[in-house]
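Scroll down for the structure; my scribbles are underneath it.
Here, each number is a calculation from the coordinates, and none is a lab measurement. Everything quoted here is computed from the prediction, not taken from an experiment. Cβ placement follows ideal geometry from the backbone for every residue including glycine, while neighbour counts extend to all protein chains displayed.
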Amino acid sequence: PGTFFVIGENALEHPGLLQRIVADGDEIGNHSYSHPNLATWSDESTRLELNATQRLVQAYTGRSMKLFRAPYFGDAEPTTADELGPALAAQKAGYTVVGLHVDPNDWQRPGTDTIVRQVIDQVHAADAERSGNIILLHDGGGERSQTVAALPQIITTLQKEGYRFVPVSRLAGLSREAAMPPVRAGDLTAVRVDVGMFITLAVISALLGWIFYVAISLGIARALLMTFLAWFQSRRDRPAPPVYQPTVSVIIPAYNEARVIEASVRRVLASDYPALQLIVADDGSKDETSAIVARAFADDPRVTLLTLQNGGKAAALNRALVEATGEILIALDADTQFEPLTIARLARWFADPAIGAVAGDARVGNRVNLVTRWQALEYITAQNLERRALAGFDAMTVVPGAVGAWRRAALDAVGGYPEDTLAEDQDLTIAIQRAGWRVTFDPEAIAWTEAPESFKALSKQRYRWAFGTLQCLWKHAAILRSRKPTGLALVGMPQAWLFQIAFAAISPLIDLALLLSIAGTILRVQQHGWAQTSGDVATMALYWLVFTGIDIACGWMAYRLDGNKVRYPAHLLVAQRFVYRQIMYWVVVRAIASAIGGWVVGWGKLERSGRVSVAPAAAAPGMNKV
């Protein structure tokens, strides 16, 4: 028989062990709920620790505990204030305080033989002083195989020498019923409530643990898989599209874009492409947007200005479609500037009659502070890398508004731009694939866009993106049931639901768990010392280094594939995890809450700074490389 002093948080998920102890005739004592140094805690906090463990054991076993052993301090004759304080608090709560005489320090894992020898020697040494001894051994707080192996040797050796093993209550002159009295009938209702509460906590704890492991594993697996697929796509020997120059209409929807509209139009007109039609659809601007376009391009027959009543971006695009004459439509945001070859590189893909849309490579052109540099990094290491990978499966979920081209016939087949979601580009991308068209990606069709320059503006933009993504995924959920088109059904839509929505939604919990783990490790270092907890710290550091190393390696590959000539800012990628990623997670949680609550979400106009700068254009021979 033995007495097991349990830690509440360890026992929470193992009711079977507690019940087995009672069924075998052993005893359970209170060792606090989280194993703190109670000498540094207030009386109220100490009572909370003891009561939480007490109620848990009552709920699981139907019996109370009357024995207590303080964490860290266990001498049978306490003398110091640190030893006496917790003992006095427990005694006032009705516990019998239990100390020890024989301690082989097995928690240090000195080896099985050493543990056995120290116990036997200490028992012999204590015989001259007393007729009974309490031996302390550990089966918690770390890897305890040495203790488990030593225990039967200790029992066998001492029994051969005539020693008998009894529970602590026998040494204290107590009956087992006094050490573990049954819960009184009047408390049964409270106990039943506690049973439900503790089972719920145990299920939540286990579920969260599995969610964390699965989410982190899937996150690492996705990063590696997407990077490999993007690299594989870049290595495929695909024939370059032929020289193909269909008629092209470029539409720039604009609302209060006076700061940027002229530069954007001029960049399009400077494109190395014949016979462009350019339509500026002013969606009811209250500034000088229309006046600037009319003044600057009045004599250019390629430019058409539409001054409309405000109806939203999709409505403005659909109104411009009526005036568009090109076989290919390119819609770009007013803050975006094209390189000279961008339109030609987008248009060449439509030589394939199955292609309905082509996405280009959007890059941040206003890298003026940390916020925009983080976004520039995200565009390269996440968004563009993902498009490279998904294009090979015909699984792209979005042709970005900043740089994308559409076949006019595909647009007409689905009724133009959808006006019932906040992500019309994503909605349209999915719709034309459902209509039978293919969507691909050209990493050489580069556009430079203006990113939000403050965290507030960034949150506003990404909130709209996240809500729009939810709308599109819900609107096109039938794809998952019909499994058509195959690429979207098996790859594009599931990965969007899993990683853009579900993973982002639980990531704050993962971060919180990480912070609590770090705090717990620091506390254990303070309480146990570095020697006993160095293994925990090393394990945590190893996991973090592996995870971060994979992140950095995948980011490096994304930079290589994107053809960047600048140095890879790995330090910014690591720093993203401490601020930027949390903002992205938070906007997804807000978007989910808005969707569930049925709240109205508007477009949310962002203020422009007009500080987009365009990197030197790629050389013309790049037209022959895919």
Open item on the list: Give me the one-decimal nm value for the distance between modelled label points at ALA593 and THR80, 7 Å along each residue's Cα-to-Cβ direction.
Closed with: 4.7 nm
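Which FRET efficiency, nearest 0.05, do PHE393 and THR189 yield, Cβ-Cβ r, R0 60 Å?
Numbers: r = 58 Å, r/R0 = 0.96.
Efficiency computed from Cβ-Cβ geometry: 0.55.
Count the DSSP beta bridges whose two residues both fall in segment 3-183, then state the antiparallel fraction as a percent rounded to the nearest 5.
Antiparallel: roughly 10 percent of the beta bridges in segment 3-183.
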Task: Shape parameters for segment 257-415, alpha-carbon atoms, Rg then Dmax in Å - done: 16.3, 46
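If packing is taken as the average number of other Cβ atoms within 10 Å across a peptide's residues, how do 62-69, 299-306 rank, most packed first?
62-69, 299-306
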TODO: Using only Cα atoms, locate the centre of segment 338-378 and the centre of segment 171-200, then give the distance between them in Å, rounded to an integer.
DONE: 67 Å
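Semi-axes, largest first, in whole Å: what does sqrt of 5 times each Cα gyration tensor eigenvalue give for segment 30-78? Intermediate results must be reported in sequence, preceding the final value.
Values: eigenvalues 79, 36, 12 Å².
Semi-axes from the Cα gyration tensor: 20, 13, 8 Å.
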Open item on the list: Report the Cα-based extents of segment 3-183 along its three principal axes, largest first, to the nearest Å.
Closed with: 43, 37, 33
- [ ] Would you please give the residues with an amide H less than 5 Å from that of ARG63, counting only those at least 5 places away or on a separate chain, with H modeled from the backbone geometry?
- [x] VAL183
TODO: For segment 3-183, calculate the relative contact order in percent as a whole number, restricting contacts to Cα pairs under 8 Å that are 6 or more residues apart.
DONE: 21 percent
Task: Rg in Å to one decimal, and Dmax rounded to a whole Å, for the chain via C-alpha atoms - done: 34.1, 112
Open item on the list: Testing the spin-label approximation: label points 7 Å from Cα along Cα→Cβ at ALA221 and SER454. State their distance in nm.
Closed with: 4.2 nm
Open item on the list: Can you work out the Karplus-derived ³J(HN,Hα) for every residue in segment 198-207? Use 6.51 cos²θ - 1.76 cosθ + 1.60 with θ = phi - 60°, whole Hz, and x for glycine or proline.
Closed with: 5, 5, 4, 4, 5, 5, 4, 4, 5, 5
Task: Neighbour-count ranking [beta-carbon atoms within 10 angstrom, fewest first] of THR61, THR548 - done: THR548, THR61
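Give, in nm to one decimal, the length gained when the segment between ASP24 and VAL574 is fully stretched (0.36 nm per residue of separation minus the Cα-Cα distance). Spell out each step's value before the answer.
Details: separation 550, 0.36 × 550 = 198.00 nm, distance 5.27 nm.
Length gained, ASP24 through VAL574: 192.7 nm.
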- [ ] Would you compute, for the Cα atoms of segment 206-310, the largest minus smallest coordinate along each principal axis and list the three values in descending order, in whole Å?
- [x] 66, 42, 19
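Any idea how many Lys pairs in the chain come in under 14 angstrom at the alpha carbon, given 8 or more places apart or on separate chains?
On the way: LYS66/LYS92; LYS286/LYS605; LYS313/LYS605; LYS456/LYS605; LYS460/LYS605.
Lysine pairs, 8 or more places apart or on different chains, close enough: 5.
Rounded to two decimals, what is Rg over Rh for segment 129-201 when you use alpha-carbon atoms and the Kirkwood radius? Kindly include the intermediate steps, with their values, before the conclusion.
Numbers: Rg = 18.3 Å, Rh = 16.2 Å.
A ratio of 1.13.
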TODO: Specify the inter-centroid distance of segment 1-75 and segment 390-408, based on alpha-carbon positions, in whole Å.
DONE: 60 Å
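Determine, for each peptide in 149-158, 338-347, the mean count of other beta carbons within 10 angstrom over its residues, then list the peptides with the highest first. Write down the numbers at each step before the final one.
Working: 149-158: 16.4, 338-347: 24.2.
Highest to lowest by the protection proxy: 338-347, 149-158.
Most exposed first by the Cβ proxy, i.e. fewest other Cβ within 10 Å, how do LYS313, LYS460, LYS160, LYS484 rank?
Numbers: LYS313 21, LYS460 17, LYS160 8, LYS484 13.
The fewest-first ordering by Cβ neighbours comes to LYS160, LYS484, LYS460, LYS313.
If you take the beta carbon distance between GLN309 and ALA478 as r and set R0 to 41 Å, what does 1/(1 + (r/R0)^6) give as a FRET efficiency, to the nearest 0.05? Write down the numbers at each step before the final one.
On the way: r = 34 Å, r/R0 = 0.83.
E between GLN309 and ALA478, to the nearest 0.05, is 0.75.
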Task: Descending principal axes extents, segment 221-277, alpha-carbon based, whole Å - done: 44, 31, 15
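Size of the dipole of the chain about the Cα centre, Lys and Arg at +1 and Asp and Glu at -1 on the beta carbon, nothing else charged, in debye to 20?
Numbers: 59 positive and 59 negative charges, 262 e Å.
Charge dipole of the chain: 1260 debye, to the nearest 20.
At a temperature of 10 °C and a viscosity of 1.306 mPa s, determine how fast segment 303-361 diffuses translationally according to Stokes-Einstein, using the Kirkwood radius over alpha-carbon pairs as Rh; express D in µm²/s, rounded to the nearest whole number. Before the final figure, lay out the partial values.
Details: Rh = 13.4 Å.
In µm²/s, the coefficient is 118.
Express the relative contact order of the chain as a whole percentage, based on alpha carbon pairs under 8 Å and six or more residues apart in sequence.
Numbers: 937 pairs, mean separation 75.9, N = 626.
Reported relative contact order: 12 percent.
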Open item on the list: I need MET396, MET584 ordered by Cβ neighbour count within 10 Å, fewest first.
Closed with: MET584, MET396
Task: Chain lengthening between ALA206 and VAL368 when straightened (0.36 nm per residue, less Cα-Cα) - done: 53.8 nm
